[in-house]
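Read-outs throughout are calculated quantities, based only on the coordinates presented, and are distinct from any laboratory measurement. Everything numeric here is computed off the predicted structure, so don't read it as measured data. Cβ coordinates were reconstructed from backbone atoms using ideal geometry, including for glycine residues, and neighbour counts include every protein chain displayed.
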Amino acid sequence: MLSLDLMPAPEPARTENPAWLDAGFTAGWLPAFRNRRTGEVRASHLEDGRLACTHILDTVPTAWVAELDDQGRPGALIADIQAGYLRGDRFFTLAELLRYPSDA
């Protein structure tokens, strides 16, 4: 006869992730910006230098900024800059991601 009583699984040991390891890095897709005119690509990062898991305007090069808000923070980027994601050494636009096959 099949027993439906299940033994509780032991709790996995909890470990802290290293500071450099964040959600964007572990997912394999890094938020990034690309300058269409020059081809330069910059991964999005926080002010302390860690990789960001979202697109952060505060750390893009000042030449890429079109407008600043009242506090001096970027509010808009120049038209040559496009948001996307890095995977390995390849930049994907948001439109390309709609056509990209999912990971298994």
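Below are the figures for this structure:
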| quantity | calculated |
| --- | --- |
| Positive dipole terminus of segment 24-99, leading residue within 38, 97, 62 (C-beta point charges) | 97 |
| Extension gain (nm, one decimal) between residue 97 and residue 50, 0.36 nm per residue minus Cα-Cα | 14.5 nm |
| Amide H within-cut-off set for residue 65, under 5 Å, with H built and near neighbours excluded | 78 |
| Cα gyration tensor shape of segment 24-99, rounded if a/c is under 1.5, else prolate or oblate by comparing a/b with b/c | oblate |
| In sequence order, calculated HN-Hα J values of segment 41-52 (Karplus, 6.51, -1.76, 1.60; Hz; x Gly/Pro) | 10, 10, 5, 6, 9, 7, 4, 8, x, 5, 5, 9 |
